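One structure is given below, encoded as structure tokens.
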Amino acid sequence: DVREANFDGANLTDCSLSALDLANASFNQSILVRTNFSKSGLDGATFTGVKLTDVTFSMIELRKTIFKNCIFDGVEFKTSDLGGLCLDGQTFIGVKFDKSALNEVSFKGATLKNVSFPTSSWSRRYYRAIKTVCFDGAMMDKLTYAALKGMGADLSKVTVR
């Protein structure tokens, strides 16, 4: 139980945070490189001004996690629940949403480059969830755009670069 822990500015490179209660923990300006979060509670946890590099979120509910002014570089979300999460204005480079729930996620004004949404083992339910994701005002590369368009995402208000 490390609820309300203050990791502000901490260097958590190569750390593995598994099966912990990190509710309301603060990771502002933390250094997160190859950090693994697995089966941990992050309700109310805040990540502000963080560059997450090669970080893995595995089997985690992120619905109530707060991300502000973050850069996600090479991050992998494995079997995690992001339902309803606000990721507006964030930057995503080489990010993989692998078997993660994305219902009602918002990427308004976000930048997405080389982002993948693997679909090989997903059902119609996953395609329906992608249709609920908001990409209004987002900027993305042609590959990410094509993949999302193929899944039926509404990309009418997206800028392709």
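The values are calculated or read from the model by the stated rules, or taken from the named source; none is laboratory data. Quick caveat, the model's predicted, so the values are computed rather than measured. Methodologically, a virtual Cβ is constructed for each residue, glycine included, from the backbone with ideal geometry; neighbour enumeration extends over all protein chains shown. Heads up: the accessible areas ignore ligands, DNA and RNA and are worked out on the full protein's heavy atoms, side chains in. Shrake-Rupley method; radii C 1.70, N 1.55, O 1.52, S 1.80 Å.
Details
- Just one of the listed residues (92, 77) is aromatic (Phe, Trp, Tyr) and in contact with an Asp or Glu (Cβ under 7 Å, 6 or more places away or on another chain), and it is 77.
- Residue match in the range 89-101 (condition: of a type in the set (Gly, Ala, Ser) and over 19 Å from residue 144 (Cα atoms)): no
- Residue check, residue 24 in contact with a strand residue (DSSP E or B) (Cβ under 7 Å, 6 or more places away or on another chain) and open to solvent by 30 Å² or more (accessible area, probe 1.4 Å): no
- Residue check for residue 31: under 26 Å from residue 126 (Cβ atoms), among the aliphatic types (A, V, I, L, M) and out of contact with any Gly (no Cβ under 6 Å at 6 or more places or on another chain): no
- Out of 30, 18, sole residue that is open to solvent by 40 Å² or more (accessible area, probe 1.4 Å) and more than 21 Å from residue 115 (Cβ to Cβ): 18
- Of the strands (runs of 3 or more DSSP E) that lie entirely inside the range 62-161, those containing 1 or more residues that are free of Cβ contacts under 8 Å to residues at least 40 places away in the same chain, among the polar types (S, T, N, Q) and surrounded by 14 or more Cβ atoms within 10 Å (Cβ to Cβ) span 91-93, 111-113.
- Residue 12 being under 17 Å from residue 78 (Cβ atoms), of a type outside the set (S, T, N, Q) and free of Cβ contacts under 8 Å to residues at least 60 places away in the same chain: no
- Selection of the range 57-82 for residues being of a type in the set (Gly, Ala, Ser), out of contact with any Leu (no Cβ under 7 Å at 6 or more places or on another chain) and over 16 Å from residue 112 (Cα atoms) yields only 58.
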